[in-house]
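Here, each number is a calculation from the coordinates, and none is a lab measurement. In this text the structure is predicted, and so the values were computed from the model without any measurement. Every residue, glycine among them, receives a Cβ derived from its backbone with ideal geometry; neighbour counts consider all protein chains shown.
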Amino acid sequence: MAEAAIELRNLKKYFNVGKGPGGAKAYAKAVDDITLTINKGEVVGLVGESGSGKTTLARVILRLTSITGGQVIFNGVDLAKASRDDMKKMRTDVSVVFQDPASNLNPRETVMSSIMRPLVLHGTSKAEAKQKAIDALGLVKMDTRYLYSYPHQLSGGQLQRIAIARALVMNPKVMILDEPTSALDISVQAQILNLLLDLQESLKLTYLVITHDLNVIRYISDRIAVMYLGRLVEYGPTEEVIGNPRHPYTKGLMAASPILNPHDRGKEKYMMEGEPGSLINLPTGCHFNPRCPYATDRCRSELPQDVRISPLHQVACFLQEEFSIDK
Ligand code: SF4
């Protein structure tokens, strides 16, 4: 049976944004009641438009921001109640690679000191940290001569390899990759994705890949989680979700992804209308109802709950209730 690496249970992150109508406190519900299990050795892709709450979800998992409600369970430990030692272990076992490596590397530091820094901060001797930096550079297939380079001397692809090396140097078990290729040229994107897949297999890593690009998700992920305005609306095995998307939002994302279905060119497609709404002023009922062509009065007043349409595929949409395997 699959073993969980990270479990999110009814996770919530609300930001207080001042006063709303009538003087009541107003919140941006960036993460709202998300339940999701990422199994060991699995690649889960989290997809959604900008402002859907994807990056906030990653920051909550990493405990870079506090939890409003629910739980993040890592290795059986609830991180909201974790001891200092548990948190220290989590910070070595879970690493992150952000979208823009140039802005995450200190321009005044060489590649070597950037990669060594997390080790030195955790008390590793300089000699050992240097050897580990050399090993990490080898893992991302870069020559050791780059150890003495500065960020401005490297290309976007090389910078992203350095960011990955720095994430690997602590020997993590889980990596969170936030838009790992979106700042790169298209030719370099495939190289980085292939490198990530090789590393995942050889080091038996677990990935949570966050992106707005369904093509990236399809290429790299075992399972897809689709997020809309703070909530998961569809979750399941990649080929099942891509081959048979059931939530109108997932269908809209796929229709908007030009390379995903080149054979569909010229065919009539469902195109999503409007812009994603605001996390501060969420629509009542289903958050997607203002953009959904199938919305009914029920959709405008009631929040749909998850419906399992196959053992591993779940959708939060009233239209799918009749297909529930739990009825
Ligand atoms: Fe559309 Fe209603 Fe389904 Fe929401 S619950 S996606 S509004 S049909």
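Considering Cα pairs under 8 angstrom that are at least six residues apart, work out the relative contact order of region 4-323 and quote it in whole percent. Walk me through the intermediate numbers first.
Numbers: 582 pairs, mean separation 64.0, N = 320.
Here the relative contact order equals 20 percent.
For region 1-97, what is one quarter of the convex hull surface built on the Cα atoms, given in nm²? Please list the in-between numbers first.
On the way: hull surface 30.2 nm².
Convex hull of Cα atoms, orientation-averaged projection: 7.6 nm².
Measure off 7 Å from each Cα along the Cα-to-Cβ vector at Arg117 and Tyr150, then give the distance between these two points in nanometres to one decimal.
1.5
Under a 10 Å cutoff between Cα atoms, tell me which one of Phe74, Phe288, Phe15 has the largest fluctuation in the Gaussian network model of the chain.
Evaluated over the chain, the most mobile residue of the options is Phe15.
Work out, step by step, the length gained on full extension between Arg108 and Leu197: first 0.36 nm times the residue separation, then minus their alpha carbon distance; give nm to one decimal.
Working: separation 89, 0.36 × 89 = 32.04 nm, distance 3.07 nm.
Result for the pair: 29.0 nm of gain on full extension.
Considering just Cα atoms, how many Å³ per residue does the convex hull of region 4-323 enclose? Could the numbers behind the result be given before it?
Numbers: hull volume 48.8 nm³, N = 320.
Spread over its residues, the Cα hull of region 4-323 gives 153 Å³ apiece.
What distance in nm separates the two pseudo spin-label positions at Glu321 and Asp143, each 7 Å out from Cα along the beta-carbon direction?
According to this spin-label approximation, the distance is 6.5 nm.
Quote the relative contact order of region 47-147 in percent (integer), defining contacts as alpha-carbon pairs under 8 Å separated by 6+ residues.
Relative contact order, region 47-147: 13 percent.
Quick check: pseudo-label points 7 Å beyond the Cα along Cα→Cβ at Asn39 and Lys126, how many nm apart are they?
Placing both labels 7 Å along Cα→Cβ, they lie 4.7 nm apart.
Nearest-5 percent of antiparallel DSSP beta bridges in region 4-323?
Working: 29 of 47 bridges.
Here the antiparallel bridges make up roughly 60 percent for region 4-323.
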